[in-house]
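Encoded as structure tokens, the structure appears first; notes follow it.
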Amino acid sequence: MRGSLPVFTFFPMIEDELDPNLEVIPAGTELWRVHKSKYRPTQFNPTLADLHFRGGRFEGTVLDPYRSLYVADSALTAVAESVLRSVPWTGTRRKILYAAVDGRALSVLRTTRELTLVSLIEEKDLAAVHRTASLLDDESSYPTARRWTSEIRAQAPGAMGMVWQSRRNRPKHSMLLFHDRFEDCACEALEVLPERGIADLGSPEGVDEVNRLLEPLKAEVSKPLTW
């Protein structure tokens with residue numbers, strides 16, 4: 001059609017035949033998400049990661065430009081994945097800067113339909129996509145993880161996202177959803193439970209709740225001196 005642009009498909013770029021294991025998240029499942037307060041709870045992140053440097057573990061890139069949404073199977077898992085990255089131990093506890101929660105919210109979403117995800121939970125799941133647990137290691141593995149996510153997506157066209165074991169709240173699960181794998185508006189597959197979330201994690205009440213959640217992990221958010 002006049003004025004239209006050609007659609008290029010860059011993946012798969014490998015000769016490996018992957019055989020991803022799939023896991024179905026039932027309709028009615030509650031999922032938790034930490035996000036910037038200015039964004040809607042069901043709003044997918046449109047920002048693309050850099051091919052080699054900045055960006056999240058499984059986010060889209062210019063070669064595979066899907067929008068993404070991270071969720072978790074519990075409030076603690078969502079909070080831990082958001083605020084415990086690269087936080088060292090200080091004595092017997094981990095101290096988290098207040099900036100990690102300022103301007104953020106904790107939302108509860110409920111699935112309105114089944115979600116089919118690629119499982120990376122067990123070693124057999126990683127072997128099915130020709131990877132090891134190094135795919136889920138620290139930030140140094142992110143460029144490889146982003147590239148391999150696109151390879152997995154190309155060979156699992158029915159998958160709506162991925163699920164793996166949280167590094168910061170084992171053995172609970174973290175998930176990422178692909179916006180382009182929903183037949184209609186992806187937000188229609190997720191309904192918000194506003195009475196269950198925390199609209200302002202940076203408020204005194206929000207920080208108290210975050211610290212209550214983090215207590216089993218021996219971590220806490222520092223409160224501003226002006227309070």
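Values for this structure:
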| quantity | calculated |
| --- | --- |
| Qualifying positions in the range 62-102 - crowded, with 16+ Cβ neighbours inside 10 Å, part of a strand (DSSP E or B) and out of contact with any Lys or Arg (no Cβ under 6 Å at 6 or more places or on another chain) | Asp64, Ser68, Leu69, Tyr70, Ala72, Arg94, Ile96 |
| From Asp200, Asp180, residue being over 21 Å from Ala105 (Cα atoms) and either in contact (Cβ under 8 Å) with a residue 12 or more places away in the chain or exposed (fewer than 12 other Cβ atoms within 10 Å of the Cβ) (or both) | Asp180 |
| Within the range 148-204, considering residues that are of a type in the set (Lys, Arg) and either in contact with a Gly (Cβ under 6 Å, 6 or more places away or on another chain) or in a helix (DSSP H, G or I) (or both), the one modelled with the highest pLDDT | Arg153 |
| Single match in Thr226, Thr149 (criterion: farther than 19 Å from Arg110 by Cα, polar (S, T, N, Q) and in contact (Cβ under 8 Å) with a residue 24 or more places away in the chain) | Thr149 |
| Verdict on Lys38 being loosely packed, with under 11 Cβ neighbours inside 10 Å and among the basic types (Lys, Arg) | yes |
| Test: residue in the range 21-33 that is out of contact with any strand residue (DSSP E or B) (no Cβ under 9 Å at 6 or more places or on another chain) and in a loop (DSSP other than H, G, I, E, B) | no |
| All positions within the range 103-146 that are assigned to a helix (DSSP H, G or I), of a type outside the set (Gly, Ala, Ser) and free of Cβ contacts under 8 Å to residues at least 12 places away in the same chain | Glu123, Leu126, Thr144 |
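Residues are listed down the side, and each one gets a yes or a no for (1) at pLDDT 95 or above; (2) more than 29 Å from Leu193 (Cβ to Cβ); (3) more than 15 Å from the chain's Cα centre (by Cα); (4) of a type in the set (D, E, K, R):
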| position | (1), (2), (3), (4) |
| --- | --- |
| Asn21 | yes, yes, yes, no |
| Val24 | yes, no, yes, no |
| Lys36 | yes, no, no, yes |
| Leu51 | no, yes, yes, no |
| Gly56 | no, no, no, no |
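The values are calculated or read from the model by the stated rules, or taken from the named source; none is laboratory data. Not measured: the values here are computed from a predicted model. Neighbour counts run over all protein chains shown; Cβ positions are idealised from the backbone, glycine included.
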